[in-house]
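Since the structure comes first, as structure tokens, the remarks are kept for the end.
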Amino acid sequence: GNPPWQVGPKRYSVTVPGLTDPLVSLYREGGVVDVATGDTLYKSLTSEGEGDQWHFVEMYDHMCPHCWYAVPIIERVAEAFQGVQNLKMSSINCHLGVNHQACYFLETAADATDFPSFLVCPPKGKEGPPSPRQERLAKLLLGDAWKMDEALSRCHIRYVEDAPRGEEDPFLSAVDLATWITKTTGAMPTKPEVLTQGADFRRDVIVAVDAPPGRPGWLTDDLPGAPGVPAWVPGQRWFDGLRGFVSLAHQSYRADRHSAIVETAEFLSRSFPVKGRELKMLSQRFQDMGPQEDHEVAKAQISHWAVEAGIPDPASPGMDEDNLRYTTCEGTMCAFWTLLHITLASIAVRGISGRPLVDDDSLFGTEAEVKVIDHLPSIHSSMSFVRRFVEAFLNCGQCKKQFLEDFDLCRYGRDQVSDFEGLALWLWRAHNAVSLTAAHQLQAEVDRRWPMYEDCPTCWRMSLVLGNETFRNARRLRHYERDELDSPFHTERVFWHIVRTYVGLSRVRLEDQTLDALERERQQALRKSDSRKEAQVVAQDGGLHSAFLKPPPPPPPESSGKPPEPKFKLDPEILGMPPTLSPDEILLPPPPELTDPGPNRSPSFVDPRQAPTLPPQVVDIAHGEPLLTKEHSSGVRQGVAILLAVIIMVAAVTGLIYFVGIEDSLEDGMARAPVLRREALGEEGPGEPYEDEEAGEHHFAKDEEVPDYDPGAE
């Protein structure tokens with residue numbers, strides 16, 4: 001079959017002079033766009049010959065979606081200027097640790113805060129005056145760092161698009177970019193015709209927002225060759241989420257983003273499932289330290305804290321490849337979204353239950369066991385956190401701009417969120433909208449809506465899956481409506497799938513007393529299955545996630561007596577459990593002492609229609625009336641007939657005496673009826689009376705007094 005679809009364009013492994021290991025690049029080695037590092041760019045700007053040229057430099061992050069879209073456009077522009085002697089086209093991957101310092105200097109020179117950014121560096125002698133920020137930074141630098149900053153400060157001219165009007169990417173036009181280069185450098189393209197070729201992002205191959213499920217687009221979430229079987233446990237996602245936060249803070253620290261780290265770490269300390277005290281410590285350290293113009297000082301603090309918290313140092317060699325950095329994600333953008341989903345889902349389930357998570361390691365859980373709801377972040381503050389986090393750490397410029405616009409315009413139902421469940425679903429809609437847009441831009445022939453049908457069949461509306469309804473086949477780049485995004489799904493089931501994926505059912509204090517026995521067994525079995533998976537991961541982890549993975553908590557004890565009023569009801573269907581479930585994974589086998597009633601009844605209830613056939617001598621009188629054996633009933637009738645005959649013959653003398661004797665005989669027979677029934681069934685009978693409400697029967701205890709028999713009720 002086809003391999004799982006991968007996010008992003010092809011990545012190349014490129015050998016660069018001066019480095020032993022190859023680098024990750026979106027541009028091929030020896031292509032029309034030069035693959036530069038900070039050192040090679042510095043040498044090119046300062047060398048004889050090349051230093052006298054104009055340099056076009058694209059700053060990008062290979063995990064930035066809009067950087068992916070830009071690749072074919074930049075290649076067309078470079079091809080259009082191919083052969084021009086006084087212009088060199090270069091690119092630098094700012095995701096890589098080896099380029100962090102150079103990218104920082106470039107950002108400072110051109111005020112380029114997001115990716116992709118397009119800069120022009122004039123030839124030597126045309127640098128222009130330094131900015132006040134550059135002057136402050138220059139006072140902090142020494143030696144080679146000062147020399148590199150001085151050279152890269154020439155790259156202060158940045159391309160800014162006035163209005164989105166390109167045909168390729170609506171935020172980038174090859175023609176407009178080439179026109180800007182000509183206007184800035186005086187260089188004329190040698191092949192202007194290539195500027196209008198290729199890079200067509202308008203083909204409608206993406207699965208529509210309201211269509212039935214398409215080819216699975218999230219197969220890396222599942223075990224290889226086993227769609228629907230999760231590959232990861234929540235603890236591994238917690239690890240990747242915080243590791244992504246550390247990576248983003250380390251890579252993108254700037255003095256003007258200092259307060260964002262303080263605020264973000266503070267909020268996460270009260271909401272993230274683990275590392276609450278450590279996150280509070282990070283927030284306090286940065287607050288005490290204050291903003292740093294020399295970003296290396298702040299980055300050293302982040303590295304030190306990460307190691308203390310059990311997170312690998314983001315500055316460690318070999319951590320540039322994202323597949324080495326993350327376990328459940330393919331890159332920092334995935335880890336970015338993972339952290340947000342974990343945070344909001346954790347807040348949501350705490351808010352619904354009014355209680356902390358099981359083994360809650362946030363400050364919320366450790367400090368607020370008694371009156372937790374007073375310490376829980378509100379829905380409004382949680383949304384504000386998401387906006388602040390995106391604004392500070394999402395380094396894809398157009399992605400950030402679009403998200404903030406959607407947020408401020410209350411798209412995806414943000415203004416309609418009135419409960420904690422809606423909080424998590426709002427972020428889910430926003431993420432699905434981003435995924436659909438990216439899939440459209442990349443011409444993906446897979447379904448990037450989450451969750452996949454394979455992972456949560458009951459999250460999808462079955463009438464749509466079976467093709468029993470029409471859909472509008474809506475395809476566009478952005479601005480999906482809430483109803484469009486919701487239309488294929490049962491959102492309440494999606495919510496619990498989010499909880500299971502990012503928090504874990506074994507960590508949620510669920511109240512299940514309102515469920516019937518089979519439903520309770522199903523959800524307990526699901527939690528048991530997830531806990532078994534967690535235990536296996538803990539045993540096999542090898543220490544990588546030791547700071548995040550804990551043995552799953554023991555199952556809750558069986559409740560005795562009248563159950564308390566539940567906070568909320570958890571329906572197994574809402575959990576996304578398919579109608580037919582594997583007994584080994586989901587349905588626990590019924591206890592051997594109970595009769596198996598079939599799939600639609602509770603094991604604790606025996607349907608009278610399925611009960612064992614009673615012996616022929618037992619007559620069941622409905623509505624709880626006594627049971628008489630056939631032999632006993634026949635004997636009574638014969639005795640009554642004989643006595644009546646005698647009464648007629650000797651009524652004058654012995655009528656009253658015989659009448660009393662008959663009455664006593666009947667009373668004794670009725671008193672012994674339950675005992676005779678139990679003897680016929682081979683039962684001892686219960687020690688206490690009880691009501692069988694389903695059958696409408698009252699069962700008597702051994703010594704319970706039986707009421708007088710009323711012949712009129714028969």
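When the solvent-accessible area of the stretch 382-499 is split by element, carbon and sulfur atoms take up 46 percent of it, the probe being 1.4 Å.
Using the heavy atoms of the protein chains and a 1.4 angstrom probe, tell me the accessible area per residue for the stretch 21-156 in square angstrom. It would help to have the intermediate numbers written out before the result.
Working: 4950 Å² over 136 residues.
Heavy-atom accessible area per residue stands at 36 Å².
Shown for the stretch 87-128: the carbon plus sulfur share of the solvent-accessible area, taken with all protein chains present and a 1.4 angstrom probe, equals 45%.
Taking 0.36 nm per residue of sequence separation and removing the Cα-Cα distance, the Q287/E454 pair yields an extension gain of 55.5 nm. Relative to one another, the C-alpha centroids of the stretch 244-317 and the stretch 69-123 are positioned 28 Å apart. Between M462 and S131, the modelled labels are 6.0 nm apart [label points 7 Å from Cα along Cα→Cβ].
If you roll a 1.4 angstrom probe over the protein chains with everything in place, what fraction of the accessible area of the stretch 222-353 belongs to carbon and sulfur, to the nearest %? C and S atoms contribute 56 percent here. Label separation (Q85 vs T15): 3.1 nm, computed from points 7 Å beyond Cα along the C-beta direction.
If r is the Cβ-Cβ distance from D256 to E492 and R0 is 41 Å, what FRET efficiency results, to the nearest 0.05? Don't skip to the answer; put the middle values down first.
Numbers: r = 41 Å, r/R0 = 1.01.
After rounding to 0.05, the efficiency reads 0.50.
Take the Cα of T184, step 7 Å toward its Cβ, do the same at A231, and the gap between the two points is 4.0 nm.
Relative contact order, whole percent, for the stretch 340-465 stands at 22, derived from Cα pairs under 8 Å and 6 or more residues apart. When the trypsin sites (Lys or Arg not before Pro) in the stretch 338-438 are filtered for DSSP coil states and for at most 11 other beta-carbon atoms within 10 Å of their beta-carbon, the remaining sites are K371.
What full-extension length gain, to one decimal in nm, is calculated for E193 and H380 as 0.36 nm per residue of separation minus the Cα-Cα distance? The span from E193 to H380 would gain 62.2 nm if fully extended. The listed peptides 337-347, 151-161, ordered by packing as a protection proxy, come out as 337-347, 151-161 (highest mean of other Cβ atoms within 10 Å first). In the context of the full set of protein chains, residues of the stretch 223-355 present 32 Å² of accessible surface per residue (probe radius 1.4 Å, heavy atoms only).
Treating each Cα of the stretch 1-124 as one equal point scatterer and applying the Debye formula with no solvent, the log10 of I(q)/I(0) at q = 0.10, 0.16, 0.19 Å⁻¹ comes out as -0.30, -0.77, -1.09.
The values are calculated or read from the model by the stated rules, or taken from the named source; none is laboratory data. Computed from a predicted model, the values in this text were never measured in an experiment. FYI the Cβ positions are ideal-geometry reconstructions off the backbone, even for glycines, and counts take in every protein chain you see. SASA here: full protein model, heavy atoms, side chains in, ligands and nucleic acids out. Shrake-Rupley method; radii C 1.70, N 1.55, O 1.52, S 1.80 Å.
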